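One structure is given here, and the rest of the page talks about it.
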Amino acid sequence: MDLKGEYLIPAKRLKVWEHLNNPETLKNSIKGCETLDKVSDTEFKAKVKAKVGPVSAIFNGSVLLTELEPPNSYIITGQGKGGAAGFAKGSVKITLLDTENSNNTLLHYKGNAQVGGKLAQLGSRLIGGIIKSTADDFFKTFNEYINSIENPESITNKNSIANNIETNKIKIPYWIWVFLLIAIIGLILVFFT
């Protein structure tokens, strides 16, 4: 099945490249990632706990980076085995492009994935949706993680705005809620009895 997508990352291209090669950033961006170790400059080993539809397993996998053109692009080739759950493997080319705003980078990815075992029995439509959702989760988390590191003031501003909204809410004492609930129940009884 084919994969492709684009994400706008709030950091300069060199920073995005560094984060794409940083085991700590990647571990924090992969949902269910228990371990991620850098074996060499171009190879990682990972252990990821994943649930795909009704199938749940721990996948042990490896990732190899090839055709490196720092800080522009590379190809990620990975495979994972989840015991009886089956296997997953794929290859994705990641390309980083500058945007009009020099503080943003456009990340473009394109590739394919294959699954086998119990995973393949779930059907290609379901698997395709799950793989797309997993990619979206990764890039959303990756984006938020980079934003929290590279632009911490934006997180602080969002938190202070949320706190101001919370403090400006009208607080109604619980006894008024109880009274209103009793009144609503009384009205329902009057109309339906």
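The values are calculated or read from the model by the stated rules, or taken from the named source; none is laboratory data. Predicted model, so just to flag it, every value in this text is computed and none were measured. Cβ atoms come from the backbone with ideal geometry, glycine included; neighbour counts cover every protein chain shown.
Before moving on, here are some points about what is shown:
- Residue check, A46 among the small types (G, A, S), buried (at least 17 other Cβ atoms within 10 Å of the Cβ) and in a loop (DSSP other than H, G, I, E, B): no
- The residues on offer are E67, E6, and the sole one that is assigned by TED's automatic domain parsing to the domain that holds I146, more than 22 Å from E150 (Cβ to Cβ) and either at pLDDT 90 or above or surrounded by 18 or more Cβ atoms within 10 Å (Cβ to Cβ) (or both) is E67.
- Verdict on A11 being in contact with a helix residue (DSSP H, G or I) (Cβ under 9 Å, 6 or more places away or on another chain), buried (at least 16 other Cβ atoms within 10 Å of the Cβ) and either over 21 Å from S148 (Cβ atoms) or acidic (D, E) (or both): no
- Identity of the residue in region 137-152, among the hydroxyl-bearing types (S, T, Y) and in contact with a Ser or Thr (Cβ under 8 Å, 6 or more places away or on another chain), that ends up farthest from A50 (Cα to Cα): Y145
- Candidates in region 51-64 are the residues that are in contact (Cβ under 8 Å) with a residue 40 or more places away in the chain and of a type in the set (A, V, I, L, M); of these, the one that is nearest to G83 (Cα to Cα) is V55.
- Counted residues, region 29-43 - those being outside any strand (DSSP E or B) and more than 20 Å from S133 (Cα to Cα): 2
- Residue check for L14: outside any strand (DSSP E or B), within 16 Å of A135 (Cβ to Cβ) and among the hydrophobic types (A, V, I, L, M, F, W, C): no
- Residue ID - farthest from P54 (Cα to Cα), chosen from residues in region 86-108 that are surrounded by fewer than 17 Cβ atoms within 10 Å (Cβ to Cβ) and among the hydroxyl-bearing types (S, T, Y): S102
- Some residue of region 76-86 being closer than 13 Å to W17 by Cβ and outside any strand (DSSP E or B): no
- Pairing residues of region 34-50 that are more than 18 Å from K89 (Cα to Cα) and in the same structural domain as L68 (by TED's automatic domain parsing) with residues that are among the small types (G, A, S) and modelled with pLDDT under 95, at Cβ distances under 9 Å and at least 6 apart in sequence or on separate chains, gives E34/A46; T35/A46; D37/A46; V39/S62.
- Scoring L26 on the criteria (1) within 15 Å of the chain's Cα centre (by Cα); (2) in a strand (DSSP E or B); (3) among the hydrophobic types (A, V, I, L, M, F, W, C) leaves a single failure, condition (2).
- When N60, N103 are checked against the criterion of being at negative phi and not in a strand (DSSP E or B), N103 stands alone in meeting it.
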